[in-house]
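One structure is given here, and the rest of the page talks about it.
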Amino acid sequence: MDAAPTRMSVPAGPVQRPGAARHAVPRLVAAVLDRSDEREMLWTAMAAIAALGPFVPETAYTLDHGPPQRCPRPHPADPAASRPGGTSGRYGNAATAPGAAQPVAADRLDRLIGALDGHSRCLDDPGGPWIRAIALRHRDRCLGYLVVRILAAPSDQQTADADLIARETAAALAALARCRGEPAPPRAFSAVRDAGLGATVFRLAARSAFHEALARAAASGGGEQAILRTLYEHTGFAARTEDLCGHPRARAGPGGPRPEPAARDREELVRRVRSGPGAVRDRDRLTVPIAMAGELLGLLSLADPESRATDTDVSALEQTALVLAPELAHERRLAELEPRLRHDLVEKLISGAATDEVFVQAAGLGHELHRPHRVAVLRWPGTIARAAVGDAVERAAGRLGLDVLTGVRGETAVALLAGRDTGGEALYRAVSDELGTAAGAVGVGGPCEDCADLPHSYDEAVRALTVRRRSHEPHGGTGFEELGLCRMMGAGDGEREADRFVREWLGPLLDYDARHTTGLTATLSYYLESGGSYDATAEALRIHRSTVRYRLQRIREVTGHDLGDVDTRLNLHVASRIHHVLDRPR
């Protein structure tokens, strides 16, 4: 086997390929089969190589137990070869594109080729063009070289295809030499070429056609499904893609869904796919990795229960995986980028920094802002990530038939809910079901017709959440409209004013309870909530009626308030309710 050519950088320049490159390969078959001339054969192979990659034919050499002999072009007077940007008939592109390297001097090239050891090499010619000598080796013997100029760095596949044509050409040259030594006409050589170089050219033509079909499918906008359909139509085997956990992504061809393997079998398959080059057989199918930049993105497989797949089918499978890799990588990048875009958009809207561009950005994320909205803020225990809460909100909104846009601010998840009739309690229950725990709270702001009012709705939602979390029932959902008198609390001056009101009416009683570890404040609250009923207060506190009477007398003495006065009872009742909210739950 030839030594691998040295990898090296190539000067930048236009990649000059024949305009009809995709049609050139099939036409070469006839040229190979119709001629037994050595020179015709070498330059036909040269044209095939030029049609497959960024190569320009330079010259060919033969070896006959001596120094390399230059093999000139069969038709040197072809006028197309002398035109800038033209082609030399069926032998590929012999002209130099603007900015490309000029042909190397003949004597210098002869010296470079003469110094080779019978293997393919990239020749480093300081100050000259980048050229590659492709050795024509057959059974450990070098029969000559095909020399091409390199206009741009070829892909690994293009280099491999060129080497394949060189090997088949060497086999045909060896067959031609054997035929010349026999008295019979060289009919046997035609059969050799039919099975050798001709078959190779046909395979490369089929591969080129499949490449074009894959490219069209990738550019059609049909995505993964269109690419798989192309593979199925080319091979006749059902194709499918799946993620690394075995979950199906897309499918083309007959047959139902394949049962997902056990976790241990899946891990073993992924390990085999990662470790070995080429397709891996997994029971009734052939599987190849879909990978990009060293990252495994998924698996692609062909259903082949009878092991009928040929090398051509396996090659098509591997080519399809290469085309699918950018598709899946792009999808993954979008999946990673979309939450960030949503977060940034929500932040702009609730902070008052929104511009007219937010409508376009929201539309790009599939959300319509030209509707009434409410802002909801949600907080669950610290063991549950805010991103998980946001995902749960989106799933819950889908169940409730709501259109939602989610983001994160501080310790809370933020949701922009489209519509007017969005209750906090219904959203709380749906999110609790998704997260599997009810240990959270939801605050929902008032509706706003214009997105410019979303900051106000956000402030209301934060206030509703604060009141809910500081109440005696901290878990649940609360809308701003439900706060009633407690709207003054939750943030800013309103909360400070509420604190002062509570201290004014309940301060002495709170201080007494703190010093003596009593529950006079709670007794007063239950008494006022029950409408002044001794029996209801005693039952709620599980104490005797006379104990309630004693405690109320003690409250009058500590506070100096007359509980029989209507205004006093009202103020004490309000202060008691505010205290229940502002006093953080244990």
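Summary of values
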item: Pairs where the first residue, in region 134-155, is in contact (Cβ under 8 Å) with a residue 40 or more places away in the chain and surrounded by 18 or more Cβ atoms within 10 Å (Cβ to Cβ) and the second is polar (S, T, N, Q) and in a strand (DSSP E or B), C-beta under 8 Å, 6+ apart; result: 143/62; 144/62; 147/59
item: Failed criterion for residue 348 (all others in (1) open to solvent by 60 Å² or more (accessible area, probe 1.4 Å); (2) touching a Lys or Arg at 6+ places or on another chain (Cβ under 8 Å); (3) within 28 Å of residue 404 (Cβ to Cβ); (4) not aromatic (Phe, Trp, Tyr) hold); result: (2)
item: Flag if residue 251 is in contact with a strand residue (DSSP E or B) (Cβ under 6 Å, 6 or more places away or on another chain), at pLDDT 85 or above and part of a helix (DSSP H, G or I); result: no
item: Any hit, region 402-421, residues being modelled with pLDDT under 85, closer than 20 Å to residue 365 by Cα and outside any strand (DSSP E or B); result: yes
item: Count of residues meeting criterion [under 11 Å from residue 424 (Cα atoms) and part of a strand (DSSP E or B)] in region 435-449; result: 4
item: In region 284-306, residue surrounded by the fewest Cβ atoms within 10 Å (Cβ to Cβ) [restricted to those that are small (Gly, Ala, Ser) and out of contact with any strand residue (DSSP E or B) (no Cβ under 8 Å at 6 or more places or on another chain)]; result: 294
item: Out of 316, 353, 309, sole residue that is open to solvent by less than 70 Å² (accessible area, probe 1.4 Å), modelled with pLDDT under 85 and either touching a helix residue (DSSP H, G or I) at 6+ places or on another chain (Cβ under 8 Å) or more than 23 Å from residue 250 (Cα to Cα) (or both); result: 353
item: Enumeration of residues in region 361-410 that are out of contact with any Gly (no Cβ under 9 Å at 6 or more places or on another chain), β-branched (Val, Ile, Thr) and surrounded by 12 or more Cβ atoms within 10 Å (Cβ to Cβ); result: 393
item: In region 336-345, the residues that are open to solvent by 60 Å² or more (accessible area, probe 1.4 Å) and either closer than 22 Å to residue 410 by Cβ or in contact (Cβ under 8 Å) with a residue 24 or more places away in the chain (or both); result: 338, 339, 340, 341, 343, 344
item: Of the criteria (1) at pLDDT below 50; (2) hydroxyl-bearing (Ser, Thr, Tyr); (3) in a strand (DSSP E or B), which one residue 96 fails; result: (3)
item: Matching residues, region 473-517, being among the acidic types (Asp, Glu) and either at pLDDT 85 or above or under 16 Å from residue 575 (Cβ atoms) (or both); result: 495, 497, 499, 504, 511, 513
item: Which numbered condition residue 246 fails, given (1) under 30 Å from residue 58 (Cβ atoms); (2) at pLDDT below 85; result: (1)
item: All positions within region 226-248 that are part of a strand (DSSP E or B) and not acidic (Asp, Glu); result: 239, 240, 241, 248
item: Residues that are more than 14 Å from residue 313 (Cα to Cα) and open to solvent by less than 50 Å² (accessible area, probe 1.4 Å), drawn from region 225-243; result: 226, 227, 240, 241, 242, 243
item: Pairs with Cβ under 7 Å, 6+ apart, first in region 424-453 and surrounded by 19 or more Cβ atoms within 10 Å (Cβ to Cβ), second in a strand (DSSP E or B) and of a type in the set (Ser, Thr, Tyr); result: 424/478; 443/478
item: Matching entry among 513, 567, 562 (being at negative phi and touching a Gly at 6+ places or on another chain (Cβ under 7 Å)); result: 513
item: Those residues of region 311-356 which are of a type outside the set (A, V, I, L, M) and not in a helix (DSSP H, G or I), in sequence order; result: 352, 355, 356
item: Of all residues in region 525-579 being of a type in the set (Gly, Ala, Ser) and in contact with a Phe, Trp or Tyr (Cβ under 6 Å, 6 or more places away or on another chain), the one that is least open to solvent (accessible area, probe 1.4 Å); result: 575
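The values are calculated or read from the model by the stated rules, or taken from the named source; none is laboratory data. Just so it is clear, the model here is predicted, and its values are computed rather than measured. Positions of Cβ are backbone-derived with ideal geometry, glycine not excepted, and every protein chain shown enters the neighbour counts. Surface accessibility is based on the protein's heavy atoms, side chains included, excluding ligands, DNA and RNA. Shrake-Rupley method; radii C 1.70, N 1.55, O 1.52, S 1.80 Å.
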